Amino acid sequence: MIDKDPLFEEGWIRFNEYKWGVKANIIDLSPTNKWRLKTVIYLNKKGKIVLPPRNPYLPIYFECEAENLPKINARKREAFNALCDIYVEKGIHERVAFSPNIMDMRSFNWKNFIVMPIYTYHIDIETFTDNARNSVINKAKKAKKKGYYCEISTDYEAIENCLRFAESRKPFKHHTGKKDLEYLANMLGDDTFICFLAWDKDRKPVGTWIRLFEKNGGIVHAWSASVENSALRDGVNSLLGEFAFEYFEQQKCKIFDFGGANLPSVANMKENWGGELVTYYTIRERNFKNLLKEIYFHSKQGYNRFKGWVR
């Protein structure tokens, strides 16, 4: 279980409060000293738990002293029951996603929440080049031959402009401007927040990867990415990936979380990078409103709208 997640960082929590107008509560449960569960919840103005935009999930860390499976399972169940009680008390707005660290969702089923599995890929950073398909590596080579190159950058205006490339292709908004990037860089520092920028041979910015990460055994989040159309065809996304993975390996990061793989086109692209398919869960309250949303989601129109907020 990965306990070093940048979504626990104070700077990230403060950014969510500043950007989305939510109130953060850090929950640290350890009632018996036999187990500990730590998480962050965000409350809207009505006091309900929300998943702020541009957050892949709410992070969760669990540990216990037990060594045999019966005790481990019992303490996990006790901890997740305690977590579920908080959600019952507060209520939730729309949907909330949990870290892949929580696999036992029975407490939420028992308390009548709608539990839905979703998926992402976890890439072992150290073995990336061994597991990625040749097509990914070859695209990076193609980009290099055409004169593209990558740098770590603080040119947030150029990075903001690059984010618009992806927004022009699909119904998705990063809601991230130059001031937001500057704020994150100031709050998180270069030990947790980093921007990679790709340039063409004429020194024109053509793509970016923006990542949150924890060094020395932590996780990397694929927070934002965007590449210009012609550069995308030339393999620049693979070039950015290769450059970024080399950097994160130097920082001794452990896992790269690809930030979702729930649409056919997205899954097809991301699986080429050689990650392990990982399940995590969302919950919603079981009520008439959400039942109607389920029906709408399974309609063609609803599915097309769904593509705008899940990857």
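Odds and ends about this structure:
- Scanning the stretch 101-124 for residues that are more than 20 Å from E89 (Cβ to Cβ), buried (at least 22 other Cβ atoms within 10 Å of the Cβ) and not hydroxyl-bearing (S, T, Y) yields a total of 1.
- With respect to the conditions (1) in contact (Cβ under 8 Å) with a residue 60 or more places away in the chain; (2) not in a helix (DSSP H, G or I), K19 lacks only one, and its number is (2).
- Residues located in the stretch 212-225, provided they are surrounded by fewer than 24 Cβ atoms within 10 Å (Cβ to Cβ) and within 21 Å of E157 (Cβ to Cβ): W223, S224, A225
- The numbered conditions (1) buried (at least 23 other Cβ atoms within 10 Å of the Cβ); (2) at pLDDT below 95; (3) of a type in the set (V, I, T) are all true for V236 except (2).
- Positions within the stretch 153-170 being over 12 Å from C195 (Cβ atoms), surrounded by 13 or more Cβ atoms within 10 Å (Cβ to Cβ) and among the polar types (S, T, N, Q), in sequence order: N161
- Of the residues screened, P70 is not one that is of a type outside the set (F, W, Y) and under 24 Å from the mean Cα position of the chain (by Cα).
- Per the conditions (1) of a type outside the set (D, E, K, R); (2) more than 18 Å from the chain's Cα centre (by Cα); (3) on the phi < 0 side of the Ramachandran plot; (4) modelled with pLDDT of 95 or more, the sole criterion not satisfied by G47 is (3).
- Annotation: K4 fulfils all but one of (1) outside any helix (DSSP H, G or I); (2) farther than 29 Å from N186 by Cα; the unmet one is (2).
- The residue of the stretch 95-118 that is nearest to P59 (Cα to Cα), among those that are within 21 Å of the chain's Cα centre (by Cα) and outside any strand (DSSP E or B), is S99.
- Failed criterion for N134 (all others in (1) loosely packed, with under 13 Cβ neighbours inside 10 Å; (2) of a type in the set (S, T, N, Q); (3) touching a Ser or Thr at 6+ places or on another chain (Cβ under 7 Å) hold): (3)
- Checking K179 against (1) outside any loop (DSSP other than H, G, I, E, B); (2) closer than 26 Å to H122 by Cβ, the condition it does not meet: (2)
- Members of the stretch 64-118 that are closer than 16 Å to S30 by Cα and either touching a residue at least 60 places away in the same chain (Cβ under 8 Å) or among the aromatic types (F, W, Y) (or both): F80
- Qualifying position, being surrounded by 19 or more Cβ atoms within 10 Å (Cβ to Cβ) and of a type outside the set (F, W, Y), among A74, A79: A79
- For the stretch 142-152, filtering for residues that are assigned to a helix (DSSP H, G or I) and closer than 21 Å to C195 by Cα leaves 2.
The values are calculated or read from the model by the stated rules, or taken from the named source; none is laboratory data. Here the structure is a predicted model, which is why all the values come from computation and not from measurement. Here the Cβ is made from the backbone with ideal geometry for all residues, glycine too, and neighbour counts use every protein chain on show.
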